[in-house]
């Protein structure tokens, strides 16, 4: 792949490094992976609401292997989907072929493979195990991929986050710059130069040994445990800032663009992650609740539905016959943020009754009034 992003002659792909090491990205991964399983995964007929939570396939996802339980599969799955656009589960079968365990496989250890003649879209998956490449049959891997295909390999999904590599680098550099300043007691680099003239009237200069001693003395007074101590120069000298200070760099605003762009690609309002851009624009509980609901509608619900479709196509056939009309789905009835508030429901019922859209009995039923 061409290493440079559009309009750039710098390799931001390499510089961005592991995307999950960026604090904004990891905050998003953490929020999604902890929020997504608030709903209950079950199996039902399409469009049905009578979920079966005791189905063997559901129980397997809830207890996938001896070393994982509950929602342990989802964090690694979400991380791979967010940073790569692809996530993988390996099925471990008994001698009879029954799926007994599920294991999350990091995206960087596995790749789809196919025949050179293109007779099969995906024939299997090559996985790195203990330093060796092993080919697994296609039906032994659950491959979750982003709905948007990767133009460089249509067998995989693409991670929208990869369009924000420059913004991730900006945020990383901002954090590094701030940390370096704090290590230096908030003082940017300085130029130390002699001031005045010698007794003979010549301009003063620093000899090499003097330069080394002054640098060591400056560092000892303004870094580490001695930062902030008074400094007395043994010789006349002039101190000039050698770089922009934090105010000139607008460090507190530099991260606004990365926060906005990264959150936009994650389909998450910044406020739900506690980021500065979101907090400055949301100063009350109602606004936060609206943002959290928006995050559900733009990220969590589409992600849940996409995962359910993939599980129905790639895992459920191991438990149900092909003619089965069952499918994986998520029961979101217990999600408080998705429930209509009492005030909103009362206002809707009142307006509908006043407009003649609802009868009195229908309005009372909507409000839960039985007598």
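The values are calculated or read from the model by the stated rules, or taken from the named source; none is laboratory data. Remember, it's a predicted structure, so these values are computed and weren't measured experimentally. Cβ sites come from the backbone with ideal geometry, for glycine too, and all protein chains shown count toward neighbours.
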**Asked** Does any residue of segment 53-62 turn out to be in the same structural domain as residue 315 (by TED's automatic domain parsing), surrounded by fewer than 15 Cβ atoms within 10 Å (Cβ to Cβ) and part of a loop (DSSP other than H, G, I, E, B)?
**Response** yes
**Asked** If you scan segment 296-325, which residues turn out to be closer than 16 Å to residue 56 by Cβ and not in a helix (DSSP H, G or I)?
**Response** 315, 319, 320, 321, 324
**Message:** Condition check: buried (at least 19 other Cβ atoms within 10 Å of the Cβ), in the same structural domain as residue 306 (by TED's automatic domain parsing) and closer than 16 Å to residue 307 by Cα. Does residue 24 satisfy that?
**Reply:** no
**Request:** Please work out if residue 102 is closer than 26 Å to residue 326 by Cβ and at pLDDT 95 or above.
**Result:** yes
**Prompt:** Being in a helix (DSSP H, G or I) and assigned by TED's automatic domain parsing to the domain that holds residue 33, is that true of even one residue in segment 66-74?
**Reply:** yes
**Request:** Sort through 75, 37 and tell me the only one that's under 18 Å from the mean Cα position of the chain (by Cα), surrounded by 14 or more Cβ atoms within 10 Å (Cβ to Cβ) and over 26 Å from residue 150 (Cα atoms).
**Result:** 37
**Asked** So which residues in segment 342-359 are surrounded by 10 or more Cβ atoms within 10 Å (Cβ to Cβ) and assigned to a helix (DSSP H, G or I)?
**Response** 342, 344, 345, 346, 347, 348, 349, 350, 351, 352, 353, 354
